[in-house]
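Peer 1: Okay, here's the structure, questions in a sec.
Values in this text are rule-based calculations from the coordinates and carry no lab data. Owing to the predicted nature of the structure, the values given are computational and were not obtained by experimental measurement. When we count neighbours, we look across all protein chains shown, and the Cβ atoms used for this are built from the backbone with ideal geometry, even at glycine.
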Amino acid sequence: MIRINDNYTKLKASYLFADIARRVTAFVAEHPDKPVIRLGIGDVTEPLPPVCIAALHAATDEMAHRETFRGYGPEQGYAFLREAIAQHDFQALGAPIEPEEVFVSDGSKCDVANIQELFAADLRLAIPDPVYPVYVDTNVMAGRTGANTDGRYPGLIYLDSTAANGYVPAPPAEAADLVYLCFPNNPTGAVATRAQLAAWVAYARQHGAILLFDAAYESFIRTPGIPRSIYEIEGAREVAIEFRSYSKLAGFTGLRCAYTVIPKSLQARDAAGNLHSVHALWNRRHTTKFNGVSYPVQKAAASVYTPEGRAQTRALTDFYLGNARLIREALAGLGFSCIGGDNAPYIWADVRRDSWEFFDLLLQRAQVVCTPGAGFGRCGEGHIRISAFNSRANVETALARLAAALR
Ligand SMILES: *Cc1c(COP(=O)(O)O)cnc(C)c1O
């Protein structure tokens with residue numbers, strides 16, 4: 001029999017969402033008369049903006065006629081979308097990014113997962129805790145860690161995000177090669193200030209590291225002065241890759257469109273010490289392993305940058321942020337200290353007890369489902385994540401039940 005990639009056996013089985021589902025199913029079976037409200041979900045609930053639907057219909061009609069039909073497009077994305085991205089998402093902020101530095105894809109999850117294959121196997125990695133599990137698991141699969149012991153992998157530098165540092169870790173004392181950062185953060189909802197991001201850029205420049213900056217929740221930033229892109233920080237073009245997605249911005253979780261920015265000025269060494277363009281490496285990978293996002297979907301993404309698109313996506317994110325504010329105020333009113341919810345669709349609450357115990361308490365007493373923080377890493381223990389992705393009616397009902405159950 002052939003052998004598997006043994007690194008897969010090191011993966012800690014992800015029990016989080018399966019465990020949640022199991023406990024909820026068991027509760028529902030016992031209490032069919034008590035409807036459960038899920039505030040644990042990391043998926044959007046509202047439909048696509050009308051401007052995207054119109055763009056999808058129009059592009060589909062183009063595909064129906066010989067004169068306007070399109071087959072394979074450029075693997076990196078159509079120029080109309082890459083130009084709109086460079087102009088509106090970067091140049092408008094004073095961030096010097098060119099259309100050729102943008103790679104359109106079918107999701108940030110895949111990009112964030114695949115990027116590590118450009119780099120050597122024996123890199124030192126710095127990864128936040130709590131964390132979006134993809135960053136860790138893809139490096140485990142690639143053999144960059146030892147076997148999991150007590151919930152952690154030897155070989156990783158963990159960046160603890162706790163109340164003590166406001167849930168925004170500072171650069172560690174030791175040198176790392178690849179650093180994963182996510183702001184606004186999933187699961188905590190924390191945002192990084194300009195000074196905090198500048199410290200990371202300075203660290204990367206000092207150690208010859210690369211920052212992998214996941215900005216999937218950029219469109220929820222409302223506080224003036226909080227950077228939306230790592231490229232707003234001077235010097236980031238030489239040390240950072242940024243990931244963006246239409247999933248949370250415009251409800252594309254089921255439609256699928258995202259992009260990755262790799263500046264042409266980003267370089268890395270080979271074993272002999274020769275410099276290579278990381279942009280060129282990713283271009284080679286992308287054109288070899290990916291055949292582009294469908295034309296109608298790219299047209300839908302481009303429609304987000306029209307005046308109507310901007311207004312409609314702003315209304316969408318404002319709606320979720322309205323939910324987030326209600327949740328945060330309710331939790332604060334019940335005496336929990338919370339972060340997030342002001343520039344992110346997640347609220348991270350310090351519940352001062354075991355996170356699964358609190359999960360069970362909310363389920364039993366209020367029929368509300370949250371996400372136990374322990375599922376995102378050791379530092380998530382003692383916390384829960386509540387998601388603002390829901391209808392207003394569900395949020396209001398859930399909060400009324402929480403108040404009654406916890407008062
Ligand atoms: C939702 C999310 C993404 C976006 O993933 P897509 O594959 O583009 O849908 C990326 N990073 C984080 C942390 C997320 O929560």
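Peer 1: As a test, work out the antiparallel percent of DSSP beta bridges whose residues both lie in the stretch 160-313, rounded to the nearest 5.
Peer 2: Bridges in the stretch 160-313 are about 45 percent antiparallel.
Peer 1: A further question on this structure: For the stretch 321-394 and the stretch 286-312, compute the distance between their C-alpha centroids and round to whole Å.
Peer 2: 33
Peer 1: Okay, moving on. Beyond 32 Å between alpha-carbons counts as too far, so tell me which of Lys12/Lys34; Lys34/Lys109; Lys264/Lys289; Lys10/Lys34 fall in that bin.
Peer 2: Lys12/Lys34; Lys34/Lys109; Lys10/Lys34, as the Cα separations exceed 32 Å there.
Peer 1: Using only DSSP helix segments of four residues or longer, with each worth -39500 (n - 2.57), what per-residue ellipticity at 222 nm results for the chain after dividing by its residue count and rounding to 500?
Peer 2: -11000 deg cm²/dmol
Peer 1: Using alpha-carbon positions, what is the distance between the centroids of the stretch 25-73 and the stretch 205-232, in Å?
Peer 2: If you average the Cα positions of each part, the centres end up 28 Å apart.
Peer 1: For Thr260, Thr223, Thr145, what ranking results if the residue with the fewest other Cβ atoms within 10 Å of its Cβ goes first?
Peer 2: The order, fewest Cβ neighbours first, is Thr223, Thr145, Thr260.
Peer 1: For the chain, set up a Gaussian network in which alpha carbons nearer than 10 Å are linked by springs, and say which option among His276, His383, His286 fluctuates the most.
Peer 2: In this elastic network of the chain, the residue with the biggest mean-square fluctuation among His276, His383, His286 is His276.
Peer 1: Here's another thing I want to ask about it. In a shell of Cβ-Cβ distance under 12 Å around Arg401, excluding Arg401 itself, what net charge do Lys and Arg (+1) and Asp and Glu (-1) give?
Peer 2: Once positives and negatives cancel, what remains is +2.
Peer 1: Further question: Give the relative contact order (percent, whole number) for the stretch 53-306; include only Cα pairs under 8 Å separated by 6+ residues.
Peer 2: Relative contact order here is 26 percent.
Peer 1: Considering only DSSP beta bridges with both partners in the chain, what is the antiparallel share in %, to the nearest 5? Walk me through the numbers before you get to the answer.
Peer 2: Numbers: 23 of 41 bridges.
Percentage antiparallel, nearest 5: 55.
Peer 1: Indicate the gyration tensor shape class of the chain (rounded, prolate or oblate), computed on the Cα atoms with a ≥ b ≥ c the square roots of the eigenvalues: a/c under 1.5 is rounded; otherwise a/b larger than b/c is prolate and the rest oblate.
Peer 2: Oblate shape, in that a/c is at least 1.5 and b/c is the bigger or equal ratio.
Peer 1: Which of Thr397, Thr371 comes first, and how do the rest follow, when ranked by fewest Cβ neighbours within 10 Å?
Peer 2: Least to most surrounded, the residues fall as Thr397, Thr371.
Peer 1: Here is a further query. Is the shape of the stretch 170-280 best called rounded, prolate or oblate, per the rule: a/c under 1.5 gives rounded, else a/b larger than b/c gives prolate, else oblate, with a ≥ b ≥ c the square roots of the Cα gyration tensor eigenvalues?
Peer 2: Oblate, since a/c reaches 1.5 and b/c is not below a/b.
Peer 1: Assigning unit charges at the beta carbon (Lys, Arg +1; Asp, Glu -1) and nothing else, what dipole magnitude in debye, to the nearest 20, does the stretch 93-140 show about its Cα centre?
Peer 2: 200
Peer 1: Go ahead and set up a Gaussian network model of the chain, Cα springs under 10 Å, then flag whichever of Arg66, Arg325, Arg285 fluctuates most.
Peer 2: Result for the chain, Cα springs under 10 Å: Arg66 fluctuates most.
Peer 1: Something else now. Which one, Ala300, Ala216, Ala59, has the greatest fluctuation when you compute a Gaussian network model over the chain with C-alpha springs under 10 angstrom?
Peer 2: Highest fluctuation of the listed residues: Ala59.
Peer 1: Can you give the net charge of the other residues whose Cβ lies under 10 Å from the Cβ of Tyr295, counting K and R as +1 and D and E as -1?
Peer 2: +1
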